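Down below is the structure, laid out as structure tokens.
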Amino acid sequence: MTDPIRLLVTIVEHGKGERITNLANARHVHFNFILHGRGTASSDILDMLGLGSTEKDVVVCALPRSRVRQMLHDVAEEMRLKRPGTGVAFSLPLSGINELIARIILEEHKESNPENAQDGARTEEGTANMGAEKHWLVLAVVNPGITDQVMAVAKEAGATGGTILHARGVGRENAEAFLGVSIQSEREIVAILCPREKGPSIMQAINASFGPKSGAKGIIFSLPVRDMMGIGVSVEESKQPN
């Protein structure tokens with residue numbers, strides 16, 4: 001069984017993230033975290049009105065893959081994600097996780113869903129076809145103070161918006177030795193959810209202006225998005241055969 005645990009990421013208006021964690025706890029999904037970010041809008045009218053950037057809650061939950069689709073539907077229902085501008089939720093595969101944490105998450109799923117404990121393989125197989133992702137999550141880790149410029153370049157390459165997160169780098173000495181550049185301890189992350197076909201051009205555009213050799217000292221990479229709800233896309237529409 002590949003990637004039995006996924007991360008469910010939901011981006012909503014600031015102050016509403018707790019509703020998602022309460023919902024997750026009620027569904028026995030207890031590995032939840034709320035990050036604070038700043039969203040960027042693609043509408044010129046919103047920008048002119050000063051509403052182009054809004055505070056966001058980024059909620060991250062770890063749960064069994066077999067529960068992702070139902071949890072996506074529950075979150076979408078709770079937060080009304082089918083309405084434009086309310087937020088977006090999507091899942092990301094993990095390449096690895098602590099064995100103990102994985103065991104807790106999977107065992108907790110069996111205890112809260114005893115009727116499904118024996119057919120986990122069948123449920124997993126039912127969602128395996130979602131592996132051919134239609135969307136990417138592009139992440140650009142850059143020095144602080146230039147995220148607006150990064151987003152401007154990304155939008156020219158086809159991005160419609162993004163979320164900005166604040167972070168602090170660790171292990172900088174090893175990274176600097178490897179990259180041959182100086183990296184600030186304070187960093188900002190520009191997270192852009194985009195159609196898969198636009199991902200390479202967005203990454204290339206950001207790298208050309210804000211790559212490792214620039215003042216931004218940017219590190220750009222992407223992750224496959226497997227299931228998604230919001231911005232006009234339902235979890236059923238995100239399905240694609242292998």
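The values are calculated or read from the model by the stated rules, or taken from the named source; none is laboratory data. Values in this document were obtained by computation on a predicted structure and should not be read as measured data. Only protein heavy atoms, including side chains, enter the accessible area calculation; ligands, DNA and RNA are left aside. Shrake-Rupley method; radii C 1.70, N 1.55, O 1.52, S 1.80 Å.
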Next item on the list: With a 1.4 Å probe and every protein chain kept in, tell me what percent of the accessible surface of region 58-114 is carbon plus sulfur.
Entry: 48 percent
Note to self: Which lysines, if any, have their Cα less than 27 Å from the Cα of LYS217, not counting same-chain residues under 8 positions apart?
What the structure shows: LYS56, LYS155, LYS198
Next item on the list: Please turn the phi angles of region 15-29 into ³J(HN,Hα) values with the Karplus equation 6.51 cos²θ - 1.76 cosθ + 1.60 (θ = phi - 60°), one per residue in order, whole Hz, x for glycine and proline.
Entry: x, 9, x, 5, 4, 6, 5, 5, 5, 4, 4, 5, 9, 6, 10
Check: Around GLY162, which amide H atoms from residues at least 5 apart in sequence, or from another chain, sit under 5 Å from its own amide H, with H modelled in the peptide plane?
Finding: THR40
